[in-house]
1. Between THR321 and ASP78, what length in nm is gained on full extension when 0.36 nm per residue of separation is reduced by their alpha carbon distance?
2. Where the centroid of each part is defined by its Cα atoms, how far is region 44-97 from region 98-150 in Å?
3. Let me check I've understood the local charge: for TRP144, count other residues with C-beta under 13 angstrom from its C-beta, Lys and Arg +1, Asp and Glu -1. What total comes out?
4. With a 1.4 Å probe and every protein chain kept in, tell me what percent of the accessible surface of the chain is carbon plus sulfur.
5. Treating only the Cβ of Lys, Arg, Asp and Glu as charged (+1, +1, -1, -1), what charge dipole size does the chain show about its Cα centre? Round to the nearest 20 debye.
6. What value, in deg cm²/dmol to 500, does the helix sum -39500 (n - 2.57) over DSSP H runs of n ≥ 4 give at 222 nm once divided by the residues of the chain?
7. Taking K and R as +1 and D and E as -1, what net charge do the other residues with C-beta under 12 Å from the C-beta of SER53 add up to?
8. Work out how much length ARG196 to ASN245 would gain on full extension: take 0.36 nm times their residue separation and subtract the Cα-Cα distance, in nm to one decimal.
Amino acid sequence: MNTAGQKTPRDGKEFARSGPHFSDRITADGRDGWPVEAGRYRLAVSRACPWASRALVSRRLLGLEPALSVAVADPIQDERSWRFTLDAGERDPVLGIAYLSEAYDAREREYPGGVSVPAIVDIPSGKLVTNDYRTLTLDLATEWTALHRQGAPDLYPEGHREEIDEVMVGVYRDVNNGVYRAGFAQHQDTYDDAFRRLFARLDQLSERLATRRYLVGDTITEADIRLFTTLVRFDAVYHGHFKCNRNKLSEDRVLWGYVRDLFQTPGFGDTVDFDHIKRHYYQVHTDINPRRIVPLGPGLSGWSAPHGREELGGRPFGDGTPPDPVPPGETVPEAGRAH
């Protein structure tokens, strides 16, 4: 996640992520030069970032924790962008680096695309392999199958891929990216357009989800993961900070029930850190919030309330099973959990 609005030399824009990416892929047959291999790579994320959060959810659902370790960055960046100040000695204990930019520099000096997460780093060489958020989670679902846990769900089932792709296009353009287009708009017309597109799409999604538990088919898919990571941040940051304030998500009965259903599903809510989310948005985007004051609300108690979505049927994991408990050392700190 690049923090749009943060004027640092190593950052690009988070919204309209159409700039250059390291689009290498880690494939089962190594055809792009990077073979799937347990323990070889490290996934660098920020729990504040919706794009990186996709990878965290996918990794949990697929049971890839033993095969793909994770490095969690501080939610607050400095002039060199993402940093590993949460770790002892302020360095990632596996990669041995203080800043994610060091892995970028090991691959290519002065990379023009900015330092973004999620990113996968090759541990032996210390080089960035890919920061292409567009394909990373799809590859985890389809190329890493030999390392999936027993009972892992099929997050990108072949029979539904066309529909999943179609849904994800609209979700990305108007929701995932739309909140940023509204939040960082420099002109009223730009903001108005993004605002209207966002809520038109949310209304359409609410209507779609009124009669079905999940976006495509009767199981959780990649489409649900991509929508979830924006919705879970909506009331906490996008409604106020980004002026996406026609209504709160909690005021839409269908979408509020849908996002709580996913949040309470193992693999989703146990990756969410509301403390990181709020501190990042309100303290890093100083052009929007120059005094860097972090609001105390909204309350988080509603996330554990019954949602009633079971009545719509559906099988969260299809023929699979829920993931194992969160591994030791990866639990969200108490300050970031919903109660």
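1. On the way: separation 243, 0.36 × 243 = 87.48 nm, distance 4.08 nm.
Answer, rounded to one decimal: 83.4 nm.
2. 11 Å
3. Working: positive: ARG25, ARG40, ARG59, ARG149; negative: ASP29, GLU37, GLU65, ASP139, GLU143, ASP154.
Here the count lands on -2.
4. Numbers: 6770 of 14040 Å².
That share works out to 48 percent.
5. Numbers: 43 positive and 50 negative charges, 175 e Å.
Computed charge dipole of the chain: roughly 840 debye.
6. Details: 9 runs with 103 residues, N = 339.
-9500 deg cm²/dmol, from helical runs alone.
7. Numbers: positive: ARG47, ARG54, ARG59, ARG60, ARG226, ARG233; negative: ASP270, ASP273.
It works out to a net charge of +4.
8. Values: separation 49, 0.36 × 49 = 17.64 nm, distance 1.09 nm.
Roughly 16.5 nm would be gained on extension.
The values are calculated or read from the model by the stated rules, or taken from the named source; none is laboratory data. Values in this document were obtained by computation on a predicted structure and should not be read as measured data. Cβ coordinates were reconstructed from backbone atoms using ideal geometry, including for glycine residues, and neighbour counts include every protein chain displayed. Accessible surface areas use protein heavy atoms only, side chains included; no ligands, DNA or RNA. Shrake-Rupley method; radii C 1.70, N 1.55, O 1.52, S 1.80 Å.
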